[in-house]
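First comes the structure, then the notes that go with it.
The values are calculated or read from the model by the stated rules, or taken from the named source; none is laboratory data. Model, not experiment: these values are computed from the prediction. In this analysis, Cβ positions are derived from the backbone assuming ideal geometry, glycine residues included, and neighbour counts consider all displayed protein chains. Protein only, heavy atoms only, side chains kept; ligands, DNA and RNA dropped before computing areas. Shrake-Rupley method; radii C 1.70, N 1.55, O 1.52, S 1.80 Å.
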Amino acid sequence: MTRKFLNLLNPVGLAVWWCDDGSIVGDGQQGVLCMDNISKSEAEICKDYFHDVWNIDCSVAKVKSKKTPNKYYYRLYFSGENCRKIVELVTPFIPIKSMIYKTFLRYNDFELDLRWRSFLIKNYVPRFFNSARELEIFIKEHKDNRPKRLR
């Protein structure tokens, strides 16, 4: 992974990357971008890229493999406002309905949650749904894709 390669990405490319390797985790306000086949230095290049190009801060974490002993992977974690920024950036370009659950942020504050749902409605109705109500039903039906603590 090189900075030269990353500089070729636009929001559409980031959306495809998020759909493939990104997820909402933790309390529904944290995102992770799994990069299991890159080195720590390449993960740091990605971290710097997000900061420099998109003004999105993230942290690099080393994660132990569940399947292979003594094997570690690197991931980028986006917390709070930075998670919202990356998800807001990719949401308009999510290519298929089956991937939109990767944009379902969760806010404990009613007003923030309502604002986020309005943002999703603006981006997904009528592209994937005929009405806001249809999207709300979809979100409820896909609650299993949200963090376990929130089910």
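Annotations for the structure displayed:
- Using alpha-carbon coordinates, inclination of helix 11-21 to the longest axis of the chain, degrees: 80
- Above-threshold pairs, the threshold being 20 Å between Cα atoms, out of Lys4/Lys47; Lys40/Lys64; Lys85/Lys122; Lys62/Lys85; Lys102/Lys122: Lys62/Lys85
- Ranking Phe50, Phe110 from most to least accessible surface, computed with a 1.4 Å probe over the protein chains only, gives Phe110, Phe50.
- Computed with every protein chain present, the accessible area of Glu44 is close to 60 Å² [probe 1.4 Å].
- Model label zone, Asn37; criterion: amide N under 16 Å from point 7 Å along Cα-to-beta-carbon; scope the range 1-31: 1-2, 17-18, 20-22
- Here the spin labels are modelled as points 7 Å beyond Cα on the Cα-Cβ line, and at Phe5 and Val53 they lie 1.2 nm apart.
- Within the accessible surface of the chain, defined with a 1.4 Å probe on protein heavy atoms only, the carbon and sulfur portion equals 52 percent.
- In the chain, helical runs assigned H by DSSP with n ≥ 4 each contribute -39500 (n - 2.57); averaged across all residues and rounded to the nearest 500, the mean residue ellipticity at 222 nm is -13000 deg cm²/dmol.
- Cα gyration tensor shape of the chain, rounded if a/c is under 1.5, else prolate or oblate by comparing a/b with b/c: prolate
- Estimated distance in nm for a label pair at Trp17 and Arg127, the labels positioned 7 Å out from Cα along Cα-to-Cβ: 1.8
- Accessible surface of Ile96 - all protein chains present, 1.4 Å probe, nearest 10 Å²: 80
- Separation in nanometres of the label points that stand 7 Å from Cα toward Cβ, at Val63 and Glu134: 3.3
- For the range 3-145: relative contact order, % (alpha-carbon pairs under 8 angstrom, 6 or more apart): 25
- Each of Phe129, Phe93 has its accessible area taken with a 1.4 Å probe; listed largest first, they run Phe93, Phe129.
- What the Cβ-Cβ distance of Tyr72 and His142 gives, at R0 = 30 Å and to the nearest 0.05, is a FRET efficiency of 0.45.
- Rounded to whole Hz, the Karplus (6.51, -1.76, 1.60) HN-Hα couplings of the range 40-46, x for glycine and proline: 4, 5, 5, 4, 5, 4, 5
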